[in-house]
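The values are calculated or read from the model by the stated rules, or taken from the named source; none is laboratory data. This structure is a prediction, so every number in the text was calculated from the model and none was measured. When we count neighbours, we look across all protein chains shown, and the Cβ atoms used for this are built from the backbone with ideal geometry, even at glycine.
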Amino acid sequence: AIGIFCRLNYRDKKPDYLKDINRTLCYVKTTCQKYQELHQLGQFIQEITPSIDILCEH
């Protein structure tokens, strides 16, 4: 979804979706914590977006 939001911004000139990136990242992080099968994905996301905890506090 995040990639689609970026594409909509750059290709289609629709920047409104960019504001949903933080919320989407936080949702994915929360979901990965709930399900053992997604634990590795959650760790990967945490590594590539180290400030995600700060974003999710808001």
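A few comments on the model shown:
- Residue check for Leu55: among the hydrophobic types (A, V, I, L, M, F, W, C) and at pLDDT below 90: yes
- Qualifying positions in the stretch 9-49 - surrounded by 15 or more Cβ atoms within 10 Å (Cβ to Cβ), modelled with pLDDT under 95 and among the aliphatic types (A, V, I, L, M): Ile21, Leu25, Val28, Ile45
- Every residue from the stretch 1-23 that is under 17 Å from Ile45 (Cβ atoms) and not hydrophobic (A, V, I, L, M, F, W, C): Gly3, Asp20, Asn22, Arg23
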